[in-house]
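A quick write-up on the structure given underneath.
The values are calculated or read from the model by the stated rules, or taken from the named source; none is laboratory data. Quick caveat: nothing in here was measured; it's all calculated off a predicted structure. Every residue, glycine as well, gets a Cβ built from its backbone with ideal geometry; the counts of neighbours run over all protein chains shown.
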Amino acid sequence: MNRYYNHIDVERNAQQFWKNNRCFKVFEDMTIEKYYCLSMFPYPSGNLHMGHVRNYSIGDAITRFNIMQGKNVLQPIGWDAFGMPAENAAIKQGISPNDWTKKNIDYMRIQLNSLGFAYDWDREFSTCEVNYYYWEQWFFTKLIKKDLVYKKDSIVNWDPVDNTVLSNEQVIDGYGWRSGAKIESRKISIWFLKITNYAEELLKDLDNLDWPERVKTMQRNWIGKSSGVDIDFYVSEIPDALSKLTIFTTRPDTLMGVSYLAISSEHPIANFLYKNNPKLIKFFKKYCNSLCGEADIENLGINIVYKANHPITKEKLPIYITNFVLMEYGHGAIMCVPAHDKRDWDFANKYSLSKIPVIADINGNIPNIYNGPYTKQGSILINSGEFNFLKTYEAFDIIIKKLEKKYNSIKRVNYRIRDWGISRQRYWGTPIPIKYGKNGEIIALNIDELPVCLPTNIKLKTNKSPLNTIPSFYNLRNLWTRETDTFDTFIESSWYYARFCCHDNNDLMLDERVKYWLPVDIYIGGIEHAILHLLYARFFHKLLRDFGLVHCDEPFKRLLTQGMVVANTYYRKMNDGSNQWFNHIDVKVKSDGSAYLISDGKPVIMGGIQKMSKSKNNGVDPQSMINQFGADTVRLFILFAAPSDQSLEWSYAGIEGAYRFLNRLWKFTYDHIALFGIINKNINVSLLNDRQRAIRRITHITIKKTTYDINSANFNTAIAAVMKLNNTLLRFNDNSIQGLAVIIEALEVSLLILSPIVPHITHVLWNELGHKEAIINARWPKIDDQALFIEEMTLVIQINGKLRTKIKIPADTDLDIIKKIALSDYKIQIYIKCKFITKIFIVPGKLINIVF
């Protein structure tokens, strides 16, 4: 054993052992409890970043912990390989996206291996491989036959930078989720998956998931279930087919406050009026090509010649074609109550429409709506005719019953979520298996026409798809043509977890092995995927289930959303108003808190702590840290520096501290072996003295605590407990046979607990302690309840918070007896004589505080 810790040799030794012995190759074994640990797979960008390292370090620690629990653990890895960044990079570098992607995968595989992750590499695949996306095409043809797919002309979210459609979920506050470009609206024909068919089930099944409540709330809000009623407003002097204007409202209690109706620019009434009204057509082209409901878009409308009759009062209500009503929500028409809704109030102000308050404030008074609407729940209804004085909480059902009985209204549930638009007008993706006939036929390709292989030898010159310029791709026999759009790449990531279970089956999409492995026991990734990937994957899983391809209702049993990795930022303002960002390794911070650039000595502005990113130039190259300190140091720091679900602030001091700890662990083991060799490890409990018994108790307390902590993914507290145990050992000098046995037990427990976190150094040290079996095959240490037992404990007795005496009592003494013993102590009797005791506080095992 070398005297000094050399992480290069240690990590080479361990990784070679794992590779030679195929330690992480996994087979299905029905006699062993399975555990499926999965981290969200990476996009092959070329370089791992610290966010990757954190995600995969968490997953690997959980995997190794469960292996030590005796479970059959699957931890696979693959590549989310399709997507626009590959196209953009390929254009810039003058190579094909296929070549760029494969080169990056090869390099990132090396990086992942350098960190020692326990992946079953035999299951590796990338989503751009034909034998993966073939099954998506096959499944899509099945979905068409079950009427779960459709194509229609629709106003869509268009990303002008990435030149493609985005789904509603991929638009964040009006901007493209990947490009950050301002989203436009265009009307084009695209393919949709009917996710709305599963809205209720997606909502209901959230209750059964062990997921962060924040993620479940985000999905609930996005699905947006709302109960309400359909109400018919009849429009006079218009063709009969259009005379019934149905709206859906969740607020029937405000029905008597309606002062106008708003319809979508795509509503049938609007389409009817466009034919002979250039003014309306001009309004639509100018104002309705923006995102409906976008925060910074001005809500506008144009009054049509027709009016609607209020179902109860028969009052004539104006109708406006607007740019803020979605055709996909309800029926593409809403009733507007300006006195109690901010948007309706603003619109009414703009077009001088009436505002009728119909809900009294909490004191029963008519609210002042001069400066804005009254949007609180209020107390009772006012200005509502026969419904006056109904309490607001009871008005909902009473008014709906009235409408159902007298006006044929229908109570129903509506959802905010819209169907998933899956067409993308880009090249690097899965071709959609559809063909078009010369007479307008649209049909799915036959099985014998699959797979539709994406041509891979293409060098792109622009980010527009070349597929519609390649006749050999889109031309078929008898004047049929292929679809040139590709699938949204979120399709690929919606089922990859299931394919890992049967990656080598070329005859079936999924086979019986999914019954063994699914659902995934723990899924690890960022909370930014709460709506995008996680919602899509849940939906796609339910589709797979309904076709008999999987057996369970949900793909991921437990979800762990790791926090971001953040670091300080530094910049200078440029003459053009932009910021020039500097990496922290190029900056020196003074004791007064100011900072300057090392290269020129001139000051820089401190931009605060932000998420590591290329744009802010505040990232840290994981490979440079691995080369300098070793993979175990990086893993230890990243798991110790913060709780898994909270942001982790990068710190060179922190990583240096982690390196020092590993060096101390190595030195302690080396010194022990050098002085005493491999000694008898048997502990004779009956021969232990008090100090030896105390050390052993700390050892087993550490086992108990870390078992719970790691099972809960609280690695930082588990590591802290082991550090505390090791600090105790450094202060324990006992060279007796039993003393050395106690030390060896504590040291081996430390190695076992740390092995999921720092697997390389523990692998080597375990061997050096004389074990023939590798630590990866060792079991998690067991708690000796006898070691935790304290025969006697010392309690501090305080009076009004001041120490007065100490007592020794049996460890299992009842609390009531403890009080009696404390009060009867002669030293305490002196202080409490003739005093009135107001309270006695007991901290079990520590102190008693008597308060006068």
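Here are the numbers for the structure shown:
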{"quantity": "Number of positions in the stretch 326-340 that are at pLDDT below 90, under 30 Å from S379 (Cα atoms) and either hydrophobic (A, V, I, L, M, F, W, C) or touching a Phe, Trp or Tyr at 6+ places or on another chain (Cβ under 6 Å) (or both)", "calculated": "1"}
{"quantity": "Residue ID - nearest to the chain's Cα centre (by Cα), chosen from residues in the stretch 448-505 that are over 22 Å from Q170 (Cβ atoms) and of a type in the set (D, E)", "calculated": "D504"}
{"quantity": "Options I77, I67, I95, I110: the member that is closer than 20 Å to I626 by Cα and hydrophobic (A, V, I, L, M, F, W, C)", "calculated": "I110"}
{"quantity": "The stretch 210-220, subset without any contact (Cβ under 8 Å) to a residue 12 or more places away in the chain and not β-branched (V, I, T), residue farthest from L534 (Cα to Cα)", "calculated": "E213"}
{"quantity": "Residues of the stretch 408-458 that turn out to be among the aliphatic types (A, V, I, L, M) and not in a loop (DSSP other than H, G, I, E, B), as a count", "calculated": "7"}
{"quantity": "Every residue from the stretch 199-242 that is in a helix (DSSP H, G or I), among the basic types (K, R) and closer than 30 Å to L317 by Cβ", "calculated": "none"}
{"quantity": "Subset of the stretch 754-766 that is part of a helix (DSSP H, G or I) and out of contact with any Phe, Trp or Tyr (no Cβ under 8 Å at 6 or more places or on another chain) - its residue that is nearest to L725 (Cα to Cα)", "calculated": "L754"}
{"quantity": "Subset tally (residues that are part of a loop (DSSP other than H, G, I, E, B) and among the hydrophobic types (A, V, I, L, M, F, W, C)) for the stretch 375-392", "calculated": "3"}
{"quantity": "One residue from I598, I585, I626 being among the hydrophobic types (A, V, I, L, M, F, W, C) and crowded, with 16+ Cβ neighbours inside 10 Å", "calculated": "I626"}
{"quantity": "Residues located in the stretch 552-582, provided they are in contact with a Lys or Arg (Cβ under 6 Å, 6 or more places away or on another chain) and surrounded by fewer than 17 Cβ atoms within 10 Å (Cβ to Cβ)", "calculated": "Q580"}
{"quantity": "Residues (in contact with a helix residue (DSSP H, G or I) (Cβ under 9 Å, 6 or more places away or on another chain) and of a type in the set (S, T, N, Q)) located in the stretch 407-424", "calculated": "S409"}
{"quantity": "In the stretch 669-709, the residues that are more than 23 Å from S647 (Cα to Cα), buried (at least 18 other Cβ atoms within 10 Å of the Cβ) and among the polar types (S, T, N, Q)", "calculated": "T669, Q692, T699, T702, T707"}
{"quantity": "From V550, V566, residue being β-branched (V, I, T) and under 23 Å from L143 (Cα atoms)", "calculated": "V550"}
{"quantity": "So K204, is it outside the structural domain of N711 (by TED's automatic domain parsing) and at pLDDT 95 or above", "calculated": "yes"}
{"quantity": "Residue selected from the stretch 312-352 under the condition under 36 Å from the mean Cα position of the chain (by Cα) and part of a helix (DSSP H, G or I), by the criterion farthest from I302 (Cα to Cα)", "calculated": "H340"}
{"quantity": "Y35 vs. criteria in contact (Cβ under 8 Å) with a residue 40 or more places away in the chain and surrounded by 12 or more Cβ atoms within 10 Å (Cβ to Cβ)", "calculated": "yes"}
{"quantity": "Residue within the stretch 710-718 that is crowded, with 23+ Cβ neighbours inside 10 Å, out of contact with any Asp or Glu (no Cβ under 7 Å at 6 or more places or on another chain), of a type in the set (V, I, T) and within 27 Å of L675 (Cβ to Cβ) present", "calculated": "no"}
{"quantity": "Subset of the stretch 367-426 (residues that are of a type outside the set (G, A, S) and on the phi > 0 side of the Ramachandran plot)", "calculated": "N383, F389, N408"}
{"quantity": "Selection count, the stretch 515-532, where residues are part of a helix (DSSP H, G or I), modelled with pLDDT of 95 or more and surrounded by fewer than 22 Cβ atoms within 10 Å (Cβ to Cβ)", "calculated": "2"}
{"quantity": "Qualifying residue in the stretch 166-186 (condition: touching a helix residue (DSSP H, G or I) at 6+ places or on another chain (Cβ under 9 Å), over 17 Å from R418 (Cα atoms) and at pLDDT 90 or above)", "calculated": "no"}
{"quantity": "Evaluation of N849 against (1) loosely packed, with under 12 Cβ neighbours inside 10 Å; (2) under 51 Å from the mean Cα position of the chain (by Cα) (one fails), failing number", "calculated": "(1)"}
{"quantity": "Sole exception among (1) within 21 Å of R109 (Cβ to Cβ); (2) assigned to a loop (DSSP other than H, G, I, E, B) for D29, by number", "calculated": "(1)"}
{"quantity": "Selection within the stretch 368-379 - modelled with pLDDT under 95 and either surrounded by 15 or more Cβ atoms within 10 Å (Cβ to Cβ) or over 43 Å from the mean Cα position of the chain (by Cα) (or both)", "calculated": "N368, I369, Y370, G378, S379"}
{"quantity": "Some residue of the stretch 45-64 being assigned to a helix (DSSP H, G or I), small (G, A, S), at pLDDT below 95 and surrounded by 15 or more Cβ atoms within 10 Å (Cβ to Cβ)", "calculated": "yes"}
{"quantity": "Count of the stretch 43-81 residues which are without any contact (Cβ under 8 Å) to a residue 60 or more places away in the chain and among the aromatic types (F, W, Y)", "calculated": "2"}
{"quantity": "Some residue of the stretch 737-748 being more than 27 Å from N13 (Cβ to Cβ), in contact (Cβ under 8 Å) with a residue 60 or more places away in the chain and assigned to a helix (DSSP H, G or I)", "calculated": "yes"}
